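Report on one structure; see the data block that follows.
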Amino acid sequence: MQTQILGFPRIGANRELKKACEAYWKGTISLSELKQAGKEERLKNWTFQKEKGVDLIPSNDFSFYDQVADLAYMFGVIPSRFQFLQEELSPEDLYFSMCRGYQKNGNDVVPLEMTKWFDTNYHYLVPEFEKNQNFFLNGNKIIDEFKEALDAGIKTKPVLLGPISFLKLGKEKQDDFNRLELAHTLLPVYIELIGKLENVGVDCIQIDEPCLVTDLDDYERKLYRVILTELFGSFPGIKFVLATYFESIENEANWLKKLPLEVLHLDLVRAPEQLDVFIEDLPSTLSLSLGIVNGRNIWKNNLESSQILVKKALLKLGSERIILAPSCSLLHVPYDLENEKDENGLPAFVKGQMAFAKQKVDELFLLKRLLTESADEKDLQILRDNVESFSEWRNHKEVNRQEVKCKVLEVSRIWNEISRDSSFSERIEKQQARLNLPFFPSTMIGSLPQTNELRKMRRSSLKNEISKVEYERFINKSIEEAIRWQEEVGVDVLVHGEFERNDMVEFFGERLSGFAFTQNGWVQSYGSRGVKPPVIYGDVFRKEPMTVDVSVYAQSLTDKPVKGMLTGPITILQWSFVREDQPRKSTALQIALAIRDEVLELEENGISIIQIDEPALREGLPIKKAKQGEYLNWAVTSFKLSNWGVKDETQIHTHMCYAEFNDIISSIIDMDADVISIETSRSQMELLDVFAKVQYPNHIGPGVYDIHSPRIPSVTEMTDLLFAASKYLPSDNIWVNPDCGLKTRGWEETRKSIENMIESTKQMRAAIPHVVN
């Protein structure tokens, strides 16, 4: 019985890669130093896996920014707007310009669009395909990294995103073709690349085809069968591992079993039921990789349940045709639980139930020993302790609270009554009478830049190096400066800046019961951006007000409205590591009730606009259509529950991140937020098309400033985006705002960008007679 890893965290145990990339972008280290930092991280990962005894160790799972962008660059899918930079920039800087944009020497180039990787909080860069796309090998990253590992005495299994998923995850730059038509043009380049890999000694390759788990139509299914048959059949000397994850592929079982393929990987954490389909009538030449260790969550493996599942496969296939693996790449979990030295924020009973990437590798080998009867007494004791710990967890007083569960039960009895009292058309009149906002009202999404000084003060406060009073005085001063700056610039609806918040989810988790926190549980979100998700281990409730004092203080500084800023229940759910001992729906409703308590108290204290951010609502949508309706029902109801009972005069905003809204537009309408802001700047407002088609009735703030890039958008660029938006939406319904919060940006670029945004707003107001019919 073999073991394999599909991918390993690449940011480093202490975010070494993040620090190296950002230092390079700032010009404080050289390109050679950046490359050396990457090499060191790769070698650490390979060496760890080799020493543990992993049979199939991945290479090319590393990236300085994103694996999809890596492949686009390697296959020459470089949009024309970047091509003039090829003569000016190094290959690495050209690649980074595609990821981050380029604004130097009078040039201003917007980066690739960014969106979520399936239903995770990881973001990938969206390849842009043209009708007559020319694919060619443009670099040797995957070959160089294999040779690099080989030089270190480690033979790896290169990982390559498959051709159909690569195309499906991209977008067309013209309207008159389907990017999947490029599959037969792309295939020869894959064959050329794999031929080169074979020439340098590669004998096993992992082809990731995550789009296989989506609902395929007949055309896609046939295309998959043809392309994969030719690809795998072209290299009889190479062992191919076809990796799928995040859902079941049992609907595709019949033709997948007929591929000239050696190993098929199944995600048995998300879809354990598919095993029954694949162990029947499996060709003797095909082995199964069983994803039994959760690559998406931090809870330790239920060894007893995993053994039952694997033994079922062993009875049918035998140990030689079984590979044990995590369910997916370990990119989505933190690096090492041993980095959690300080248990002040992580209770011992919670830490005892957790496993990070390194520990998940240990779990694989423990399971292998248990299943092959090579376990010693120490292993057997770990198994007994594991069984006992799951039993104790179910009855732990800190995990399950009956009074919280009763509140959720009460909500379920009045499910259909949860909605605003009046229609939007009635509410907006009352809100406008109260707020008196101009056409194209301007605002920001929430957070403002967090400086090094601010972070230093926060650290000093946590270490008790400064008093609570001193820290609060600093935060209040920062808020007042932010309010004065926004007034001076001319923003209509202000934000307090969220200077007191470390993270939009962690901040609330720290103030709610049922959450625990790691010190070093970082995972990559995009590029050098890491997040440290809270851990929801128990029933959730609000212990005391969380934002009321800060919101009331900020509002006292100005006559303009200042938004109360909250994170919504689905986003808190999605961006946390969530308990697995109860349905996610139950946890979401618990969080919604806690947020509702805060919303009603903000309203009681005179806050006229309350924003409940739900950037992760689309992210949580199940991949299979058959499961989406149920999710959307409880997700939307959770949002509505979070602001249930507010007065008509109180304006409720929400914010959503980069997403495809076509398939959930009816649910967005059902959310009935008075104002929704969405990220649209990188898509040139194309995302508004679906809102226009359904004549979306409420107000929308389409983002005009891409905050994920360091470039400063011009007045003309943002005005053009607003004109584009006005072609989709009534001008009366349009708000003006950045794409997202500005926490990660610097003050210099933020000031210039917001000044440009306000100037573009003024130009739109002057042009209203030319826009409105």
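The values are calculated or read from the model by the stated rules, or taken from the named source; none is laboratory data. Not measured: the values here are computed from a predicted model. Cβ placement follows ideal geometry from the backbone for every residue including glycine, while neighbour counts extend to all protein chains displayed. Side chains are part of the model used for accessible areas, which takes the heavy atoms of the whole protein and leaves out ligands, DNA and RNA. Shrake-Rupley method; radii C 1.70, N 1.55, O 1.52, S 1.80 Å.
Computed from Cα atoms, the angle from the helix 747-766 axis to the main principal axis of the chain rounds to 60 degrees.
Fully extending the segment from Glu92 to Asp215 would add 40.6 nm, taking 0.36 nm per residue of separation and subtracting the current Cα-Cα distance. When averaged across all projection directions, what area in nm² does the alpha-carbon convex hull of the range 688-765 cover? Convex hull of Cα atoms, orientation-averaged projection: 5.0 nm². The C-alpha atoms of the chain define a longest principal axis, and helix 31-52 lies at about 50 degrees to it. Each 10 Å bin, from zero up to the one with the longest distance, holds this percent of the alpha carbon pairs of the chain: 2, 13, 23, 26, 21, 11, 3, 0, 0. Would you mind telling me the antiparallel percentage of the DSSP bridges in the chain, rounded to 5? Expressed as a percentage, antiparallel bridges in the chain total about 20. Once the 1.4 Å probe is applied to the protein heavy atoms, the range 603-713 comes out at 29 Å² accessible per residue. When the solvent-accessible area of the range 257-354 is split by element, carbon and sulfur atoms take up 49 percent of it, the probe being 1.4 Å.
Globularity index of the range 414-489 is 1.73 (Cα radius of gyration / 2.2 N^0.38 Å, N = number of residues). Each principal axis of the range 329-368 carries a Cα extent, and these read 33, 20, 13 Å when sorted largest first.
Counting only protein heavy atoms and a 1.4 Å probe, the range 372-513 has 56 square angstrom of accessible area per residue. Extension gain, Asp581 to Lys239, is 119.3 nm, computed as 0.36 nm per intervening residue step minus the present C-alpha separation.
Ranking Leu600, Thr558, Pro622 by how far each Cα lies toward the positive end of the dipole of the range 491-636 (charges on Cβ) leaves Pro622 at the top.
Note on the range 45-150: Kirkwood radius taken over Cα pairs, Stokes-Einstein applied at 37 °C and 0.692 mPa s, translational D equal to 211 µm² s⁻¹. Along the positive direction of the dipole of the range 257-404 (beta-carbon charges: Lys, Arg +1; Asp, Glu -1; about the Cα centre), which of Ser287, Asn339, Leu314 reaches farthest? The Cα lying farthest towards the positive end belongs to Ser287.
Given their separation in residues at 0.36 nm each and the Cα-Cα distance between them, Thr451 and Ser389 gain 18.0 nm when the chain is fully extended. Each part reduced to its alpha carbon centroid, the range 275-316 and the range 355-385 end up 16 Å apart. Taking the empirical scaling 2.2 N^0.38 Å for compact globular proteins as reference, the range 543-600 has a Cα radius of gyration ratio of 1.40. Ranking Thr185, Thr47 from most to least accessible surface, computed with a 1.4 Å probe over the protein chains only, gives Thr185, Thr47. Which FRET efficiency, nearest 0.05, do Lys647 and Val469 yield, Cβ-Cβ r, R0 35 Å? My answer for the efficiency is 0.50.
Of interest is the spacing of the C-alpha centroids, which for the range 216-239 and the range 686-721 amounts to 39 Å. Rolling a 1.4 Å probe over the heavy atoms of the protein chains gives the range 68-122 an accessible area of 35 Å² per residue. Taking only alpha carbon atoms, the range 123-239 gives an Rg to Rh ratio of 0.98, where Rh is the Kirkwood radius. Of all DSSP beta bridges confined to the range 240-375, the antiparallel ones make up roughly 5%.
Here the simple spin-label model places points 7 Å from the Cα toward Cβ, and for Asp55 and Val226 these points are separated by 3.5 nm. Translational diffusion coefficient of the range 8-107 (Stokes-Einstein, Kirkwood radius from Cα pairs, 25 °C, 0.890 mPa s): 164 µm²/s. Karplus-derived 3J(HN,Hα) values for the range 550-558, using 6.51 cos²θ - 1.76 cosθ + 1.60 with θ = phi - 60°, are 5, 5, 5, 4, 4, 5, 5, 8, 8 Hz; glycine and proline are entered as x.
Extents of the range 532-573, taken as max minus min of Cα coordinates on every principal axis and listed largest first, are 41, 20, 17 Å. Surface calculation, 1.4 Å probe, protein heavy atoms: His708 sits at approximately 20 Å² accessible. When the Debye formula is applied to the Cα atoms of the range 528-624, each taken as the same point scatterer, what base-10 log of I(q)/I(0) results at q = 0.13, 0.23 Å⁻¹? At q = 0.13, 0.23 Å⁻¹ the computed log10 ratios are -0.53, -1.18.
Residue-wise HN-Hα couplings along the range 438-451, as the Karplus relation 6.51 cos²θ - 1.76 cosθ + 1.60 with θ = phi - 60° gives them from phi, are x, 4, 6, x, 9, 7, 10, 6, x, 7, 10, x, 9, 7 Hz; Gly and Pro carry x. Its convex hull of Cα atoms gives the range 212-266 a direction-averaged projected area, equal to a quarter of the hull surface, of 3.5 nm². Among beta bridges from DSSP that stay inside the range 157-309, the antiparallel ones total about 0%. Once the Cβ-Cβ distance of Asp732 and Gln763 is raised to the sixth power relative to R0 = 30 Å, the FRET efficiency obtained is 0.95. Solvent-accessible area assigned to carbon and sulfur over the range 1-104 amounts to 49 percent, based on a 1.4 Å probe.
The helix-only estimate of mean residue ellipticity at 222 nm for the chain, built from DSSP H runs of length n ≥ 4 each weighted as -39500 (n - 2.57), is -13000 deg cm²/dmol after division by the residue total. Need the C-alpha centroid separation for the range 50-81 versus the range 610-679, integer Å. Their Cα centres are 34 Å away from one another.
Less than 16 Å from a label point 7 Å out along the Cα-to-Cβ axis of Leu43: which backbone N atoms in the range 133-157 qualify, by residue? Only 145-155 fall inside the zone, counting backbone N under 16 Å. Using alpha carbons only, the radius of gyration of the range 641-757 set against its Kirkwood radius gives Rg/Rh = 0.98. Seen against the Cα atoms of the chain and their longest principal axis, helix 468-489 is set at about 70 degrees. Counting only protein heavy atoms and using a 1.4 Å probe, the accessible area of Asp613 comes to about 10 Å². Here the range 169-319 has an Rg and Dmax of 16.9, 54 Å, counting Cα atoms alone.
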